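Have a look at the structure below before the remarks.
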Amino acid sequence: MELAVGGGMRRSASHTSLSESDDFELTRLLSKPRINVERQRSFDDRSLSDVSHSGGYGRGGAFDGMYSPGGGLRSLVGTPASSALHSFEPHPIVGDAWEALRRSLVFFRGQPLGTVGAVDHASEEVLNYDQVFVRDFVPSALAFLMNGEPDIVRNFLLKTLLLQGWEKKVDRFKLGEGAMPASFKVMHDAKKGVETLHADFGESAIGRVAPVDSGFWWIILLRAYTKSTGDLTLAETPECQKGMRLILSLCLSEGFDTFPTLLCADGCCMIDRRMGVYGYPIEIQALFFMALRCALQMLKHDNEGKEFVEKIATRLHALSYHMRSYFWLDFQQLNDIYRYKTEEYSHTAVNKFNVIPDSIPDWLFDFMPCQGGFFIGNVSPARMDFRWFALGNMIAILSSLATPEQSAAIMDLIEERWEELIGEMPLKICYPAIENHEWRIVTGCDPKNTRWSYHNGGSWPVLLWLLTAACIKTGRPQIARRAIDLAERRLLKDGWPEYYDGKLGRYVGKQARKFQTWSIAGYLVAKMMLEDPSHLGMISLEEDRAMLKPVLKRSASWTN
């Protein structure tokens with residue numbers, strides 16, 4: 001039985017697959033004209049104060065100046081493109097990378113719809129690597145956008161939007177209406193000559209955890225598509241507007257939490273197995289912050305969107321203060337925590353989360369340089385996860401969750417701790433690895449997440465594009481070039497592995513798939529972005545002047 005819902009989307013109460021009749025919506029939306037519009041003011045220059053004082057964004061101004069016809073994309077940062085950035089010849093493996101990326105394409109009724117997780121013909125077990133993952137497709141989408149091929153991204157955005165509209169049940173329990181799938185697969189019925197889509201919202205995943213990050217990545221990709229093409233019509237459709245509102249409804253709902261951060265389960269993000277990231281992981285908070293800012297720019301200020309615009313503005317103020325104050329760690333902050341008193345009551349408490357100084361791990365004292373800092377992995381009552389997580393810190397820079405000073409400090413840390421975080425293959429997903437008794441307790445004796453492997457201190461080439469984007473935004477392209485040079489020595493020779501093992505990332509991962517699509521796409525995006533830094537505009541946000549900055553003691557003060 002199918003029930004009609006707003007915007008022409010359908011819910012299927014029986015199963016999560018897309019049948020022939022559902023394809024009408026995609027055809028209708030694809031037939032709408034796409035336009036390139038030159039406007040006068042960049043929407044990235046608008047601040048939250050515009051929402052508070054002028055009553056929000058008008059219909060015509062939400063995407064101002066995102067596209068410059070004839071001139072390509074504008075860089076949203078003040079980093080000049082030096083002649084050195086454009087002076088090098090394309091590396092020989094670039095052509096091989098594009099061929100491998102195109103082999104991963106998935107077609108649905110003749111239209112490109114996404115890329116599969118991996119095309120590893122040498123592996124006997126397919127598992128779910130033959131599916132299109134929302135999270136994994138992002139670097140592929142960026143590569144196609146940068147190469148002037150936006151149609152596949154548009155198709156992907158619309159199809160996942162239709163999947164979002166279905167009723168989702170796991171063991172008789174209904175998920176939130178706004179949840180986006182972790183992945184989907186094209187099913188071919190040769191006898192009937194019919195193609196359908198089957199989506200996974202977590203009911204088939206290891207650990208049965210629904211992905212929190214899929215919705216955030218979808219919003220971020222919608223903005224990237226709009227920035228790249230100048231096509232305002234897609235984001236302004238009732239379907240996309242409703243899709244954003246549904247995602248926001250899940251994460252902006254009021255509850256018992258006293259923090260503006262988003263409470264999550266282990267395994268809800270890129271680290272999709274038990275790794276002790278439950279609570280308020282930095283990856284989710286940074287993506288949450290970035291998605292809110294992207295949605296704020298794209299939501300219409302109509303009767304339905306106005307309430308969300310106001311909620312987003314309020315949440316962003318609180319979230320930026322909380323993250324910059326309590327998740328940030330540098331030498332001075334570490335010294336302050338080391339001297340914390342405990343059992344402090346009332347609003348005047350300095351140790352607000354009652355963190356016991358003895359819980360600071362020994363490795364951190366040697367790891368923390370005098371100049372440099374990062375956002376730690378997690379903060380909650382009596383708990384600080386001091387591990388470094390690459391994705392969360394890179395997104396913090398790109399979204400401007402990190403202040404300019406904090407962004408510079410993160411890059412300082414990478415330079416100071418190059419062997420630990422970069423090694424022989426960029427980039428450590430987290431540092432350090434957990435091992436021995438702690439590994440048994442935290443991971444549940446997970447045989448895939450052994451020390452310095454997979455999510456437990458493994459090195460992931462896909463993170464190269466995020467590192468490169470952060471380097472360009474902070475004016476440190478030389479860091480990105482050095483990391484790309486390392487990757488180019490081995491990626492093609494090793495068959496584009498999913499991840500590398502070892503303290504230095506020296507060994508191809510023990511269970512790593514070859515021809516992992518996002519390893520390929522991540523390299524291409526990093527390469528194209530370094531050659532043309534203006535591409536950064538589709539994935540970067542400038543700091544909002546209206547967000548009040550807390551007074552922080554930073555490592556820079558120790559060098560004066």
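So which of S249, S204 ends up being part of a loop (DSSP other than H, G, I, E, B), of a type in the set (S, T, N, Q) and more than 14 Å from K159 (Cα to Cα)?
Among S249, S204, only S204 is part of a loop (DSSP other than H, G, I, E, B), of a type in the set (S, T, N, Q) and more than 14 Å from K159 (Cα to Cα).
Residues in region 211-222: is at least one open to solvent by 20 Å² or more (accessible area, probe 1.4 Å), more than 18 Å from the chain's Cα centre (by Cα) and of a type outside the set (S, T, N, Q)? No; the residues of region 211-222 include none that is open to solvent by 20 Å² or more (accessible area, probe 1.4 Å), more than 18 Å from the chain's Cα centre (by Cα) and of a type outside the set (S, T, N, Q). Considering the conditions (1) closer than 20 Å to A396 by Cβ; (2) surrounded by fewer than 19 Cβ atoms within 10 Å (Cβ to Cβ), P447 is excluded by exactly one of them, (1). Scanning region 122-152 for residues that are in a loop (DSSP other than H, G, I, E, B), under 28 Å from Q511 (Cβ atoms) and without any contact (Cβ under 8 Å) to a residue 60 or more places away in the chain turns up E124, E125, V126, L127, D130. Scanning region 500-534 for residues that are of a type in the set (A, V, I, L, M), over 19 Å from E424 (Cα atoms) and in contact with a strand residue (DSSP E or B) (Cβ under 9 Å, 6 or more places away or on another chain) turns up just one, A521.
The set of residues in region 183-221 being in contact (Cβ under 8 Å) with a residue 60 or more places away in the chain and aliphatic (A, V, I, L, M) consists of V186, M187, V194, L197, A199, A205, I206, V209, V212, I219, I220, L221. Annotation note: of L421, L413, L467, the sole residue that is open to solvent by less than 10 Å² (accessible area, probe 1.4 Å), in contact (Cβ under 8 Å) with a residue 24 or more places away in the chain and closer than 21 Å to E542 by Cα is L467.
For region 489-500, how many residues meet the condition of being open to solvent by 20 Å² or more (accessible area, probe 1.4 Å) and either closer than 25 Å to P432 by Cα or at pLDDT below 95 (or both)?
Step one: list which residues in region 489-500 are open to solvent by 20 Å² or more (accessible area, probe 1.4 Å), which gives 489-490, 492-494.
Okay, now just the ones that are also either closer than 25 Å to P432 by Cα or at pLDDT below 95 (or both), so 489-490, 494.
Of the residues in region 489-500, 3 are open to solvent by 20 Å² or more (accessible area, probe 1.4 Å) and either closer than 25 Å to P432 by Cα or at pLDDT below 95 (or both).
Summed over region 135-148, the residues that are surrounded by fewer than 24 Cβ atoms within 10 Å (Cβ to Cβ) and farther than 16 Å from K527 by Cβ give a count of 1.
Could you pull out every one of the helices (runs of 4 or more DSSP H) wholly within region 361-454 that has 1 or more residues that are within 27 Å of L262 (Cβ to Cβ) and touching a Phe, Trp or Tyr at 6+ places or on another chain (Cβ under 8 Å)? I'd like the intermediate steps shown before the answer.
Working: elements: 362-367, 390-399, 404-416, 418-421, 436-443.
Here the list reads 362-367, 390-399, 404-416, 418-421.
L197 falls short of the stated requirement of being part of a helix (DSSP H, G or I) and either open to solvent by 20 Å² or more (accessible area, probe 1.4 Å) or on the phi < 0 side of the Ramachandran plot (or both).
Of the residues L252, L263, L246, L287, the single one that is among the aliphatic types (A, V, I, L, M) and either open to solvent by 30 Å² or more (accessible area, probe 1.4 Å) or in contact with a strand residue (DSSP E or B) (Cβ under 9 Å, 6 or more places away or on another chain) (or both) is L263.
For the residues S555, S453, the requirement of being at pLDDT below 95 and open to solvent by less than 50 Å² (accessible area, probe 1.4 Å) singles out S555. Among the residues of region 290-307, the ones that are open to solvent by less than 10 Å² (accessible area, probe 1.4 Å) and either touching a Leu at 6+ places or on another chain (Cβ under 6 Å) or within 20 Å of M394 (Cα to Cα) (or both) come to 6 in all. Among the numbered conditions (1) of a type in the set (K, R); (2) closer than 30 Å to I247 by Cβ; (3) open to solvent by 10 Å² or more (accessible area, probe 1.4 Å), the only one that R324 does not meet is (3).
The values are calculated or read from the model by the stated rules, or taken from the named source; none is laboratory data. What you are looking at is a predicted structure, and each value in this text was computed from that prediction instead of being measured. Reconstructed Cβ throughout: ideal geometry from the backbone, glycine too, with neighbour counts over all protein chains shown. The protein model used for the area step is the full one, side chains on, heavy atoms only, and it has no ligands, DNA or RNA in it. Shrake-Rupley method; radii C 1.70, N 1.55, O 1.52, S 1.80 Å.
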